[in-house]
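Since the structure comes first, as structure tokens, the remarks are kept for the end.
The values are calculated or read from the model by the stated rules, or taken from the named source; none is laboratory data. Everything quoted here is computed from the prediction, not taken from an experiment. When we count neighbours, we look across all protein chains shown, and the Cβ atoms used for this are built from the backbone with ideal geometry, even at glycine. Note: areas computed on protein heavy atoms with side chains; ligands, DNA, RNA excluded. Shrake-Rupley method; radii C 1.70, N 1.55, O 1.52, S 1.80 Å.
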Amino acid sequence: MFGRLTLDAFKHDAIEMGANYSMIFAVLLAIGLLTYFRVWGRFWREWVISLDPKKIGLMYIFVSFIMLFKGLFDAGMMRAQQAFSVGASHGYLTSDHFQQVFTAHGTTMIFFVGMGILFGVVNLIMPMQIGARDVAFPFLNSLSFYLFVVGAFLVNLSLLVGEFSAAGWVAYPPLSGLQYNPGVGVDYWIWSVQIAGIGSLLSGVNFLVTIFKMRCPGMTLMRMPVFVWASLGAMILVVFAFPILTATLAMLTLDRLIGTHFFTLTGGGNPMMYINLIWAWGHPEVYILILPAFGIFSEVVPIFSRKRLFGYASMVWAIIAIVFLSFVVWLHHFFTMGAGASVNAFFGIMTMLIAVPTGAKIFNWLFTMYEGRVRFETPLLWFLGFVIVFVTGGMTGVMMSIAPVDFQVHNSLYLIAHFHSMVIGGVVFGFFCGFSYWFPKFSGFKLDERLGRYAYYCWMLGFMLAFMPLYVLGLMGATRRLDHYDAETGWQPLFLVALSGIVFIIIGMSFQILQLLVSFRDRKKNADLTGDAWNGRTLEWATPSPPPFYNWPVTPEVYGRDAFWAMKERKTQKPLQYAPIHMPKDTAMGLYIALFAFCVGFGLIWYMFWLAIVGVVGILACLIIRLADHDTTYYVSVKEIEKIEAARLK
Amino acid sequence: MEQYHGSIKTAVIGFFWSIVLTFAAYLLVVEEWLHGPVLVIALISLAIFQLLVQLFFFLHMGHEQKPRWNLIVFLFMALVLLIIVAGSLWIMYNLDYTLMPHDMMH
Amino acid sequence: MRHDPHAEADSLTIFGFWVYLMTDCLLFGSLFATYMVLHNSTHGGPTSKELFSMPFVLVETLALLTSSFTCGLATRAASLNQKKQLFFWFVATFLLGALFLGMELHEFHDFIKEGNSWERSAFLSAFFTLVGTHGLHISIGLLWMIVLLVPVMRHGVTPLSMRRLTCFGLFWHFLDIVWIFIFTIVYLMGVS
């Protein structure tokens, strides 16, 4: 009945119990607040079952923030361990616990923060920028979101019931195989990533179809905002890379569940095939994360330079080049694992090549700023921080593309510093840039500028302190994922500096939270009444702040790039002829299917096979019920539209 | 957008050629008319031919109106597929070049 | 601009389904790549030459190919609103598909009975997974056929059911195309 789930699964050490009590407390607090303010009904009707991509986007970002908090906590734990676990001291974490921490940290940050904010921002911004009202498949959008939530939930649940994986965020076999990790940890990892991954794949299909097929009249591909091009590039990568992840995780699951020999050491298995396949997915994955961030910068830099984007066509070609090249570099993640010189040379050269279109984009942004009337406000500050951090990281990446160099620094802290420069400097800074830029659009008021600056400076200083020492440590020979080292290495001072960096990052995040609270308090003062908070160029600024659920009363028509800028210059106001708007009906079915997916995952983790079968049957039943439902859309009447439009003019 | 469903003629032509190609490949192997790398090339060619026959006659590819997104997406998928399969084979056999063959380890 | 909800939805759904099929191709591609890397790792167990019965596989292949043909005729009948023809060709597709699946399960059963399951070697793991995943897709297709046929028989061919039938047709043809490569790479090359 309970498979291998016993009461032992609930036994944890003090630190894990502390985390569990905090999680449970947070959940109870949330439930308490919802109950106290009597908003369960509203919460369900206006958020949980909503198919509005703006709502779904905000929910993605909210969940990602929660997971960011957890991931940062893991980071802090690692820094603290490594700063003090020297010589005679072994720090405060056991080796096994430390391994779970770095595994959880990587898994959380990549899948549940990075992918979450990516899908959040694309949901929020892309449909408006192409003059659409929704994505191609609104129901699928909701389903994808809830699959993402189930994945995140499984990671968190592992803290309370059982344990998480200790095999690293990519879980190489044979360590992740049944022989060396028979417990539930790796299975939790597999199912949280697999379920969230299927959500991502479905979103990739969804957004790709949206961009290809739902652009408003006149918006040819070469008139789309660069953020939409970047999203398109990322979605093409999702569509063609995630199936590899699905297949590879499935094969690892079969090894662990039914005794196949794909990646085992016996029976003819070949663990290197896992490594090969997982990175064939893994490399496109990192470009999936970064391309939308590039897109965000392409939107922000022109606005804050008060000058048109330099080199639109080359930006587009750079994105296309990056998409192609992403698929031919993956071996650089395992140069040291046995391939001969010809293979290493090929992939090394391809890796060097992929730096070129990225570099071109950076030049284009800087040329946009050149001779512009630059406004050094928070969004632009994040961009400048990105340039410094990301370019540094990028250069170290090119260094590592040279296989002989990589042989020295592979899996050292030099590598860790490199990819954190890319992810934090690129994805995180890009997100914060977009967050401060688009915040007024969805809230109706601007963020406090001063606190925004303080947050940025703390993050910049914090990042530099946390990661520059790691480059040095890597070159000094420090391997990644160490939970202890000898005093003779002389590494400790640098680890202490790195620890101070995390402190500044936490201060930076505190400023961001404070900024939200203060801005909310001052929202009347900082209100955005026109919908065009920054004198924008793209279509999302043509809507009120916040936009009505249908975005446009009448679908816009576009005659060139920077469509909204052109509209403002034309100044002509065509009288608007309203027609009923076809909208999807909200539904909870996405949530229900995801809950059954949870049953499948949890059931297979704990060998409660009856539960897994219930899950599969439930998913099929829900799908059939949904397909049989012919009443999934409705029309917003002209009267209703007039009422909403009139209300915002008041 | 009108979906092109083809005529009975296209379905029959597609079916006929698929059967011919299937039998050709089958006989090549079972009757041992070819061996070694030549056989491999022949079999792959026959498979690709049948793929094209089925794409054109059953899936009506090439009959869609512009913009031909179906075709473009298919071609890109084929490219990625080729890269992943060929790349994996190249890499995995190259790993055996510098390492001891894994069957010999046990 | 005239708003035709059916045409728009058709365009989106069918293209979206096509894109999903492209992802499925890559899923199979990963399994193919794995099979090709592992197919010689027989770990002392039987090789493909020793295991596969070619005449049996030929019949399977012809069954599936024919079902792809009848499926094409079925969707054509649907587009012309010929309910009786649609029913006939659709049931033919289902029966041929079920025959294929039955034969495949029989083959699997024989192997397992002799101790040559997926646990025997990496080769067999890859074989069962690649061919089994295809079989799983076929099973879902069979279930889908039943789910599709019921409303069509009750309410006739509506724009919505035509759209779904088209998607099913794409799915079923795609499965036959994947089988061409399984037939060639796994079976034909396996016994030569």
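Summary table below
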quantity: Formal net charge of residues neighbouring C:GLY97 (Cβ-Cβ distance under 15 Å; K, R +1; D, E -1); calculated: -3
quantity: Reachable lysines from A:LYS213, criterion Cα separation under 16 angstrom, eight or more residues apart if same chain; calculated: B:LYS66
quantity: Peptide C:161-174 - average C-beta neighbours from other chains (10 Å radius); calculated: 2
quantity: Total charge dipole magnitude, the protein assembly as shown, about the Cα centre, Cβ charges on Lys, Arg, Asp, Glu only, Debye to nearest 20; calculated: 3540 debye
quantity: Net charge over other residues, Cβ less than 14 angstrom from the Cβ of C:PHE56 (K, R count +1; D, E count -1); calculated: -4
quantity: 10 Å Cβ neighbours from other chains, averaged over peptide B:51-62; calculated: 4
quantity: Pair-distance profile P(r), taking every C-alpha pair of the range A:527-579, with 5 angstrom steps and integer %; calculated: 4, 19, 28, 28, 17, 4, 0
quantity: The protein assembly as shown: Rg to Rh, with Rh as the Kirkwood radius over Cα pairs; calculated: 0.96
quantity: Mean separation of Cα contacts under 8 Å, 6 or more apart, over the residue count of chain A: relative contact order %; calculated: 17 percent
quantity: Rg/Rh for the range A:306-346, where both radii come from Cα atoms and Rh is the Kirkwood radius; calculated: 1.28
quantity: Counted charge near A:SER637, where neighbours are those whose Cβ lies closer than 13 Å (Asp, Glu -1; Lys, Arg +1); calculated: -1
quantity: Signed unit charges on C-beta, dipole axis of the protein assembly as shown, positive-most listed residue A:GLY348, A:ASN156, A:PHE564; calculated: A:PHE564
quantity: Sequence of C:HIS137, C:HIS39, C:HIS109 from largest to smallest accessible area, 1.4 Å probe; calculated: C:HIS109, C:HIS39, C:HIS137
quantity: Rounded tilt (10° steps) of A:138-160 against the dominant C-alpha axis of chain A; calculated: 30 degrees
quantity: Dipole-positive endmost among A:MET77, A:GLY87, A:GLN129 within the range A:48-158 (Cβ charges, Cα centre); calculated: A:GLN129
quantity: Stokes-Einstein translational diffusion, the range A:263-378 - Kirkwood Rh over all Cα pairs, 0.692 mPa s, 37 °C, in µm²/s; calculated: 201 µm²/s
quantity: Chain C - percent relative contact order, Cα under 8 Å, separation 6 or more; calculated: 34 percent
quantity: Whichever aspartates and glutamates have a C-alpha closer than 12 Å to that of A:LYS11, once near sequence neighbours (fewer than 8 apart) are set aside; calculated: A:GLU163
quantity: Averaged over C:177-188, number of beta-carbon atoms from partner chains that fall within 10 Å; calculated: 5
quantity: Reachable lysines, given that their alpha-carbon falls under 26 Å from the alpha-carbon of C:LYS113 and they are not under 8 places away in the same chain; calculated: C:LYS49
